[in-house]
Amino acid sequence: MKIKLLSTIFFLVIFNGNAQSNDTISLIKNQKKISYKQFIAPATLITGGFLLKGTGVNRNFQSDIRKIFGTDFHTKADNYLQFESVLQIYGGKYLGFKPKNDFLHQSINIVIANVIMGGVVLTMKHTFKEERPDMSDNLSFPSGHTATAFTNASLLYYEYKDSNVWYASSGFLFASATGILRIANNKHYMSDVLTGAGIGLGVGLAVSYWSPFKSITLGKNKAHALLYPQIGSNYGIGLLVHD
């Protein structure tokens, strides 16, 4: 009974946060200036994460999720799911959906959003120095994988919400799955995941609205190259090339 109750609470917080983010991000279309109301969902998730940090509920939930998946459960899927929305951003137009930005400006938004998010996450990790559930290091809070996943999911939503809202929203499902798998892998507590999700939503929203370097254009037939950071328990640089 306790496991079912805690699991229900977790899914309600994550998916209700996603639903609120869809509503708040959609305000961008009809507003000339960004509103504080658009950051209610991110703030709620971050606040919830801070309130749960170090509590018995936090530890019990992590333990219960581990029991559901199995104490020996381990997968690397979360390392890839965090970037799934990036593939959707670039691939949507090939599925017949119309994005808001071209490849260059999509890439600029992705890089800037992930760099900002990464800076916030790394600063917090080294400030709070929370030990991971598996005691592998003291960089548990907040979850970088989850923050990355929700940052990119927010960018995906902004790109395609006017073309196909279901496709635009699908990134939040993969982002939520990333957060759940981080707990199941014994790498994070629920507080880490909630805070990471809030950071990702907030940064993704801000960059989507701001859309930096809108005026940048490149000549025809020039190749576009994208370097993007990988933030989480593993760090690295990815490269995408597009003609």
Any residue in segment 69-87 that's closer than 14 Å to His145 by Cβ: show its pairings with residues that are of a type in the set (Lys, Arg) and modelled with pLDDT of 95 or more at Cβ separation under 6 Å, as long as the two are six or more apart or on different chains.
Asp78/Arg182
Please work out which one of (1) touching a residue at least 40 places away in the same chain (Cβ under 8 Å); (2) closer than 30 Å to Arg59 by Cβ is the condition Asn138 fails and give its number.
(1)
Could you tell me which of the residues Gly91, Gly119, Gly96 is closer than 24 Å to Ser191 by Cβ and free of Cβ contacts under 8 Å to residues at least 40 places away in the same chain?
Gly119
Which numbered condition Leu45 misses (of (1) surrounded by 17 or more Cβ atoms within 10 Å (Cβ to Cβ); (2) farther than 16 Å from Leu194 by Cβ)
(2)
With (1) closer than 23 Å to Ala177 by Cα; (2) of a type in the set (S, T, N, Q); (3) part of a loop (DSSP other than H, G, I, E, B) as the list, and Asn101 as the residue in question, which single condition is left unmet?
(1)
In contact with a Phe, Trp or Tyr (Cβ under 7 Å, 6 or more places away or on another chain) and surrounded by 24 or more Cβ atoms within 10 Å (Cβ to Cβ): which single residue out of Phe128, Phe172, Phe150, Phe141 fits that description?
Phe141
Do we find a residue being surrounded by fewer than 24 Cβ atoms within 10 Å (Cβ to Cβ), out of contact with any strand residue (DSSP E or B) (no Cβ under 8 Å at 6 or more places or on another chain), assigned to a helix (DSSP H, G or I) and in contact (Cβ under 8 Å) with a residue 60 or more places away in the chain anywhere in segment 178-191?
yes
Out of (1) assigned to a helix (DSSP H, G or I); (2) surrounded by fewer than 18 Cβ atoms within 10 Å (Cβ to Cβ); (3) modelled with pLDDT under 50, the odd one out for Lys32 is which?
(1)
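If you check Gly91 against the conditions, is it surrounded by fewer than 18 Cβ atoms within 10 Å (Cβ to Cβ) and farther than 22 Å from Gly202 by Cβ? Even if it seems obvious, please write down each step before you answer.
Values: surrounded by fewer than 18 Cβ atoms within 10 Å (Cβ to Cβ): yes; farther than 22 Å from Gly202 by Cβ: yes.
It is true that Gly91 is surrounded by fewer than 18 Cβ atoms within 10 Å (Cβ to Cβ) and farther than 22 Å from Gly202 by Cβ.
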Please work out which residue is modelled with the lowest pLDDT, limiting yourself to segment 35-70 and to residues that are hydroxyl-bearing (Ser, Thr, Tyr) and more than 23 Å from Phe174 (Cα to Cα).
Ser35
Could you say whether any residue in segment 162-182 is under 16 Å from the mean Cα position of the chain (by Cα), among the charged types (D, E, K, R) and within 18 Å of Ser208 (Cβ to Cβ)?
no
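Please go through segment 100-124 and give me each residue that is in contact with a Ser or Thr (Cβ under 9 Å, 6 or more places away or on another chain) and either aliphatic (A, V, I, L, M) or surrounded by fewer than 20 Cβ atoms within 10 Å (Cβ to Cβ) (or both), ordered by number. Give the derivation first.
At the first step, the residues of segment 100-124 found to be in contact with a Ser or Thr (Cβ under 9 Å, 6 or more places away or on another chain) are 100-102, 104-105, 108-110, 113-114, 116-118, 121, 124.
Lys100, Asn101, Asp102, Leu104, His105, Ile108, Ile110, Ala113, Ile116, Met117, Val121, Met124 - these are the residues of segment 100-124 that are in contact with a Ser or Thr (Cβ under 9 Å, 6 or more places away or on another chain) and either aliphatic (A, V, I, L, M) or surrounded by fewer than 20 Cβ atoms within 10 Å (Cβ to Cβ) (or both).
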Going through segment 137-176 one residue at a time, which ones are among the polar types (S, T, N, Q) and either at pLDDT below 95 or over 18 Å from Val115 (Cβ atoms) (or both)?
Asn138, Ser140, Ser163, Asn164, Ser169, Ser170, Ser176
Boolean, Thr151 is under 23 Å from Pro133 (Cβ atoms) and in contact with a helix residue (DSSP H, G or I) (Cβ under 9 Å, 6 or more places away or on another chain):
no
The residue that is farthest from Lys100 (Cα to Cα), considering only those in segment 158-177 that are in contact with a helix residue (DSSP H, G or I) (Cβ under 6 Å, 6 or more places away or on another chain) and of a type in the set (D, E, K, R), is Lys161
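The values are calculated or read from the model by the stated rules, or taken from the named source; none is laboratory data. Keep in mind the model is a prediction, meaning the values are calculated, not measured. Cβ: placed from backbone, ideal geometry, glycine included. Neighbour counts: every protein chain shown.
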